[in-house]
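Take a look at the structure set out below.
The values are calculated or read from the model by the stated rules, or taken from the named source; none is laboratory data. Keep in mind the model is a prediction, meaning the values are calculated, not measured. Neighbour counts are summed over all protein chains in view; Cβ atoms, including those assigned to glycine, are modelled from backbone coordinates with ideal geometry.
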Amino acid sequence: MNAVTLSEKMIWVKRSIAVVLVLAAWSFCSVAGLVNDYLLPAPWKIADLAWKMICDGTLLKHVWISLYRVFLGFGITLGLAFPLAAVVGLNKIFFELLETPLEFVRHVPPLATTPLLILWLGIGESSKLAVIVLATFFPIFLNTVNGVSQCDKKLLEVGRVLGLRPFERIVRIILPSALPVIIVGLRLGFGYSWRALIGAELLAAAAGLGYMIIEAEALARPDIVLVGIISIGTLGHLLDSSFLRLSRKLIPWHEMESDYGRY
Amino acid sequence: MGGIEIHALGKQFQINNRLIPAVCNFELQVSEREFVTIVGKSGCGKTTLLRLICGLENADQGYVRLAGHNGKAFDQRVSIVFQEPRLMPWLTVRQNMAFSLLKENDHQKVDRTVNFFLNMLGLTPFQDAYPRQISGGMAQRTALGRTLCFDPDIILMDEPFGALDAFTRHNLQQELVDIFLSQNKTIIFVTHDVNEAVLLGQRVLVMDKGSIRRELAIDIPYPRDALSKDFYNLREEILRSVLKP
Ligand SMILES: Nc1ncnc2c1ncn2[C@@H]1O[C@H](COP(=O)(O)OP(=O)(O)OP(=O)(O)O)[C@@H](O)[C@H]1O
Ligand SMILES: [Mg+2]
């Protein structure tokens, strides 16, 4: 038990080293006057500004709107991608029918569709949600299809000789065996959605972290841009690591102990 | 009721444009509550035969007929313990064993059944481990317990004790004989081990190139003494017949 907590502490120490080094170098440059204080303000000035923006609510408002869009868009994608992936993954014909159009759309970066989406949907919420759905759909859909269609035939045979009906085999064998792959897709999709959203907010929005940055550019406030960038990176990392922790809980049998390939 | 009727059964596989007869012209009648063991060299078609009997392969020639119902669901008449454990990696040992019982509403009965077989197979201390965390022999025992919990009339076993140490193997052989004697099972048991075949079977079939080469009735009553003269003679005879070119 002690050994575990000790090594966990060591990991945190190691992870902090790079952050501390960057902050130290940045502070040194500011103090020594190596950088223009307007273009790259000192770290404590940024921290001070961030604190003020948290206190007066502007930062939290933008963060909240961006998070809300990501979660809503993500939820819409789940509702679309899961049923579709289940149908396609379980029936080869559908997969062959959809392969070409899917391959085409997959190679178009979601951001490239933003101008069109704005023309079609306006600069309101729907165009941002559409970008998120486009960005998250493919990793989630394709991973679910792969997970479902690549289920081990030997396990399906076990289901057959233990009297499971076809629907029970889907629920009790195909889905759980696909879960680790599905979760990888969810995590990828989540990362993509965050990036795509910020991009979309840079192009067209009236609020959100991306809008905050573009507005700061217009006001010629690099310090606010920096606060925005740091918030985006920090939030993205926090979301991803909570997702990872959640997924470890969902698939406790995965990545556990070594795999001797004998089960 | 668990009788099996096999007539003119044949199955070929295609490997690189060559037809390999895995099972050919196979004839066998197994009566209800009979314990048949099958020995034979690697590749002689034992696994294919069991897969044909439980319907995992379709026959190219002939047929397999399973007799009567016994009041159970149609598909609970026959099941198989595979040569590999084939456990669900996302389920614990206990959940794997109870895999076929999830539809059962009487949870106490399920618990009792699972506990009984966990105990019999010496897996109680590992019931909450995942397949990745247990040894090969434990995985094989879990797979055996999973089929025993399912409780089919006809149990097909494909070298189920192959990965076990001599002591565990000896215990499980005794347990299997007890289950056979007390629970009205029909068992077809495939093994590489001639000693095991004579210890367990009422009839030993020697398989070669997809059909039965030799058939011997073993009349020694259970529990059998592997050191007796009769036992020794039968074992030698079967061994000779397996090794004959
Ligand atoms: N799915 C398959 N595709 C092609 N050939 C197969 C297949 N299954 C079995 N065979 C062939 O059928 C023959 C019999 O195989 P089988 O697995 O029944 O042997 P076995 O008696 O169980 O051997 P072992 O004792 O090594 O398990 C072999 O020649 C094998 O190559
Ligand atoms: Mg085999």
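Considering the range B:47-63, the residues that are in contact with a strand residue (DSSP E or B) (Cβ under 7 Å, 6 or more places away or on another chain) and hydrophobic (A, V, I, L, M, F, W, C) include one that is farthest from the other protein chains (Cβ to nearest Cβ), namely B:ALA59. Condition check: within 14 Å of chain A (Cβ to nearest Cβ), touching a residue at least 12 places away in the same chain (Cβ under 8 Å) and either at positive phi or within 16 Å of ligand 2 (Cβ to nearest atom) (or both). Does B:GLY145 satisfy that? Spelling it out, it is not the case that B:GLY145 is within 14 Å of chain A (Cβ to nearest Cβ), touching a residue at least 12 places away in the same chain (Cβ under 8 Å) and either at positive phi or within 16 Å of ligand 2 (Cβ to nearest atom) (or both). Tallying residues that are within 25 Å of B:LYS185 (Cα to Cα) and either part of a helix (DSSP H, G or I) or touching a His at 6+ places or on another chain (Cβ under 7 Å) (or both) within the range B:201-237 yields 3. Here the condition is being assigned to a loop (DSSP other than H, G, I, E, B) and in the same structural domain as A:THR234 (by TED's automatic domain parsing); of A:ALA200, A:ALA206, A:ALA216, A:ALA196, it holds for A:ALA206 alone. All conditions in (1) at pLDDT 90 or above; (2) loosely packed, with under 15 Cβ neighbours inside 10 Å; (3) farther than 30 Å from A:LYS52 by Cβ; (4) more than 10 Å from every other protein chain (Cβ to nearest Cβ) hold for A:LEU246, with the sole exception of (1). Among the residues of the range B:148-187, those that are outside any strand (DSSP E or B) and within 16 Å of ligand 2 (Cβ to nearest atom) comprise B:GLU159, B:PRO160, B:PHE161, B:GLY162, B:ALA163.
Filtering the range B:19-46 to residues that are surrounded by fewer than 21 Cβ atoms within 10 Å (Cβ to Cβ) and under 12 Å from B:THR191 (Cα atoms) leaves B:LYS41, B:SER42. Picking from residues in the range A:137-173 that are β-branched (Val, Ile, Thr) and out of contact with any Ser or Thr (no Cβ under 8 Å at 6 or more places or on another chain), the one that is farthest from the other protein chains (Cβ to nearest Cβ) is A:VAL145. There is at least one residue in the range B:157-172 that is within 14 Å of chain A (Cβ to nearest Cβ), buried (at least 22 other Cβ atoms within 10 Å of the Cβ) and closer than 30 Å to B:VAL30 by Cα. The set of residues in the range B:22-56 being among the charged types (D, E, K, R) and over 18 Å from B:VAL194 (Cβ atoms) consists of B:GLU27, B:GLU32, B:ARG33, B:GLU34, B:ARG51.
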